[in-house]
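Engineer: Input: one structure, supplied below.
The values are calculated or read from the model by the stated rules, or taken from the named source; none is laboratory data. The structure displayed is predicted, hence computed values, not measured ones. Counting neighbours? That spans all protein chains shown, and the Cβs are built from the backbone with ideal geometry, glycine included. We work out accessible area using only protein heavy atoms, side chains counted, and drop any ligands, DNA or RNA first. Shrake-Rupley method; radii C 1.70, N 1.55, O 1.52, S 1.80 Å.
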Amino acid sequence: MTKSQKVAFTIGTLEEIYPEIPIPLDHKDPYTLLIAVLLSAQSTDVRVNQITPILFEKADNPYAMARLTQDEIREIIRPVGLSPMKSKGIYELSHILIDKYNGEVPADIDALESLPAVGHKTASVVMSQAFGIPAFPVDTHIHRLMYRWGLSNGKNVVQTEKDAKRLFPKEKWNKLHLQIIWYGREYSPARGWDLEKDVITKTIGRKSVIDEYYKAKKKPSSRK
């Protein structure tokens, strides 16, 4: 299969499995999405979705959040991890949104990346999911699958994003990055991976990855 055939197969398969795709993080507007994505760093969407209703009940906009102290924010978000850094970021960015953007989240990736505790991936998610502006946020699932599928060399997430944007049509980026995340969770996880259920990797996967999978499967049975 050529790379363009692999890309077409991937898009077609994902569209078949996930014709409609939900956004994993619960939110109601760009601000609550920004906070939820910030909280999801080195945490799980499930955990974040358990905490954000508690946080947003107290403050679901920059003005209300700015009235809380960093310690109050930190106490609420503690279960998601990295709470000192995240609470400081949430507190400071809320003040910046009020002072610089009239309390609105800017639909500009550079402006988003300039906010405290907001990295490129977080900014890309907000651009894509809050504003519908084409972006291709790369998380661990996308990074893993792009390598498994032989569509990127797996060197780093920056390269993976470049490869994804080069290979996939721009008009599909916003839906496709979510489809790949859901597929990675359901069919091609890092642990407990069953290649027989992973139709995309089984069909177009990198030969070395597939060989390694079968080699690892044989090991336990060869022990005496």
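Engineer: For region 2-18, check the following and say yes or no: at least one residue is out of contact with any Asp or Glu (no Cβ under 7 Å at 6 or more places or on another chain), closer than 30 Å to LEU151 by Cα, among the basic types (Lys, Arg) and open to solvent by 10 Å² or more (accessible area, probe 1.4 Å).
Structural biologist: Checked against the condition, which is being out of contact with any Asp or Glu (no Cβ under 7 Å at 6 or more places or on another chain), closer than 30 Å to LEU151 by Cα, among the basic types (Lys, Arg) and open to solvent by 10 Å² or more (accessible area, probe 1.4 Å), region 2-18 yields at least one hit.
Engineer: Being open to solvent by 30 Å² or more (accessible area, probe 1.4 Å), touching a residue at least 24 places away in the same chain (Cβ under 8 Å) and part of a helix (DSSP H, G or I) is the filter here, so list the residues in region 58-79 that pass it.
Structural biologist: The answer is TYR63, PRO79.
Engineer: Residue check, ARG166 against (1) farther than 21 Å from LEU34 by Cβ; (2) open to solvent by less than 20 Å² (accessible area, probe 1.4 Å), all met but one. Which one?
Structural biologist: (2)
Engineer: Checking LYS155 against (1) at pLDDT 95 or above; (2) open to solvent by 20 Å² or more (accessible area, probe 1.4 Å): exactly one of these is not met. Which one?
Structural biologist: (1)
Engineer: Among the residues of region 24-52, how many are surrounded by fewer than 16 Cβ atoms within 10 Å (Cβ to Cβ), within 23 Å of TYR187 (Cα to Cα) and not charged (D, E, K, R)?
Structural biologist: The number of residues fulfilling the criteria is 3.
Engineer: Right, next: Looking for something small (Gly, Ala, Ser) and over 17 Å from THR140 (Cβ atoms) - is there at least one such residue anywhere in region 189-208?
Structural biologist: Yes, the conditions are met somewhere in region 189-208.
Engineer: List, please: which pairs have Cβ atoms under 9 Å, are six or more places apart or on different chains, and start with a residue in region 106-134 that is closer than 19 Å to ILE23 by Cβ and end with one that is of a type in the set (Phe, Trp, Tyr) and open to solvent by 60 Å² or more (accessible area, probe 1.4 Å)?
Structural biologist: Listed by first residue and then by second, the contacts come to ALA107/PHE131.
Engineer: Just one of LEU93, LEU82, LEU55 is on the phi > 0 side of the Ramachandran plot, under 22 Å from the mean Cα position of the chain (by Cα) and either in contact (Cβ under 8 Å) with a residue 24 or more places away in the chain or buried (at least 18 other Cβ atoms within 10 Å of the Cβ) (or both); which is it?
Structural biologist: None of the others qualify; the one that does is LEU82.
Engineer: Further, regarding this structure: Return the residues of region 11-24 that are under 12 Å from THR203 (Cβ atoms) and in contact with a Ser or Thr (Cβ under 9 Å, 6 or more places away or on another chain); say none if nothing qualifies.
Structural biologist: First, the residues of region 11-24 that are under 12 Å from THR203 (Cβ atoms): 12-13.
Of everything in region 11-24, just one residue is under 12 Å from THR203 (Cβ atoms) and in contact with a Ser or Thr (Cβ under 9 Å, 6 or more places away or on another chain), namely THR13.
Engineer: Which condition from (1) surrounded by fewer than 23 Cβ atoms within 10 Å (Cβ to Cβ); (2) within 17 Å of ALA36 (Cβ to Cβ) is the one that ASP110 breaks?
Structural biologist: All conditions pass for ASP110, except number (2).
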